[in-house]
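J.: Here you go, one structure.
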Amino acid sequence: MTLQEELVRAIEHRDVEAVLATFDEEADYELVDRTSPPSEPLRAHGRDAIGRTLHDLFDRAVRNEVEQFVVQGDHAAYLQRCTYPDGSQALITAMLDLRSGRIVHQSGIRARDGGTSAPVRTRTRTFAEADEVRTFEKGRLELLRGNGSDVARAVFEPGWRWSRHVKPIAGTELCTYAHFCYILSGTLHVRMAEGSEFEATKDETIRIAPHHDAWVVGDEPVTLLDWETSGDYARSQG
């Protein structure tokens, strides 16, 4: 089976592990969408980190179709159409760099419409009816799932720090997830892998790229809404 056949089959069957198997161990992955602009794309390095990203992207009741796939030497490109339960669609254009029959770099652009092809049922919900609740020392995450659009509310108590309280669960040196958050209360300090640091406080939005540590500043809990956290963040693997 060629790489093209292997990848198309995996995408259309929503087989994340099979998609991941087409990547090199040290591959790089980039995606631009409505929350990750070209200046700050969603990035993942290495098969493990890419796997976490793919599990998040494929964790939907979505029908995937690869409509075009072109291979030329060590480069390839394909167009993927995603159809959501509400009838809305997204198009993903992916560009691949190949080596020894594996993907060493993938960059993609995802654009989604507003779902005009089928009526969408309006519904209000609260976090009291969260689809999933994850608790950990000095923290709690409540997740509401939608048709391709999830939102999480996280509460971090004074003294909480990712590297102290979530790192043992994640099993990574730094947080490998991207976040797009609105701070409801408290102050959050973030330190990136390359050493840069910044803070966000009440009524501010914050975009955090993968590979960071974070902690609560002061005696007030941090409560935030996050439109990107899902996947296995703070989920016990036991």
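J.: Which one is modelled with the lowest pLDDT among residues in the range 88-105 that are surrounded by 15 or more Cβ atoms within 10 Å (Cβ to Cβ) and either under 17 Å from the mean Cα position of the chain (by Cα) or at positive phi (or both)?
T.: For the range 88-105, the residue satisfying everything is A90.
J.: Modelled with pLDDT of 85 or more and either in contact with a Gly (Cβ under 6 Å, 6 or more places away or on another chain) or over 22 Å from C175 (Cα atoms) (or both): which single residue out of G108, G114, G46, G73 fits that description?
T.: It is G108.
J.: For residues that are among the charged types (D, E, K, R) and part of a loop (DSSP other than H, G, I, E, B), scanning just the range 211-222, find the one that is surrounded by the most Cβ atoms within 10 Å (Cβ to Cβ).
T.: Across the range 211-222, the extreme among qualifying residues is E220.
J.: Report the residue count in the range 155-185 for those that are part of a strand (DSSP E or B) and either over 16 Å from the mean Cα position of the chain (by Cα) or not assigned by TED's automatic domain parsing to the domain that holds E204 (or both).
T.: Of the residues in that region, 7 qualify.
J.: List the number of the failed condition for V71; all other conditions in (1) touching a Ser or Thr at 6+ places or on another chain (Cβ under 7 Å); (2) in contact (Cβ under 8 Å) with a residue 24 or more places away in the chain; (3) not polar (S, T, N, Q) hold.
T.: Here V71 clears every test but (1).
J.: Taking only the range 56-76 into account, find how many residues are assigned to a strand (DSSP E or B) and surrounded by 15 or more Cβ atoms within 10 Å (Cβ to Cβ).
T.: Number satisfying all stated conditions: 4.
J.: Is at least one residue of the range 202-210 in a strand (DSSP E or B), touching a strand residue (DSSP E or B) at 6+ places or on another chain (Cβ under 8 Å), among the aliphatic types (A, V, I, L, M) and surrounded by fewer than 17 Cβ atoms within 10 Å (Cβ to Cβ)?
T.: The answer is no, given that none of the residues of the range 202-210 is in a strand (DSSP E or B), touching a strand residue (DSSP E or B) at 6+ places or on another chain (Cβ under 8 Å), among the aliphatic types (A, V, I, L, M) and surrounded by fewer than 17 Cβ atoms within 10 Å (Cβ to Cβ).
J.: Taking the condition of being of a type in the set (A, V, I, L, M, F, W, C) and either more than 18 Å from K138 (Cα to Cα) or surrounded by fewer than 19 Cβ atoms within 10 Å (Cβ to Cβ) (or both), how many residues in the range 170-201 meet it?
T.: The qualifying residues number 9.
J.: A further question on this structure: For S39, work out the one condition from (1) in a helix (DSSP H, G or I); (2) under 27 Å from Y233 (Cα atoms) it doesn't fulfil.
T.: In the conditions (1) in a helix (DSSP H, G or I); (2) under 27 Å from Y233 (Cα atoms), S39 misses (1) alone.
The values are calculated or read from the model by the stated rules, or taken from the named source; none is laboratory data. Predicted model only: the values in this text are computed from it and were never measured. FYI the Cβ positions are ideal-geometry reconstructions off the backbone, even for glycines, and counts take in every protein chain you see.
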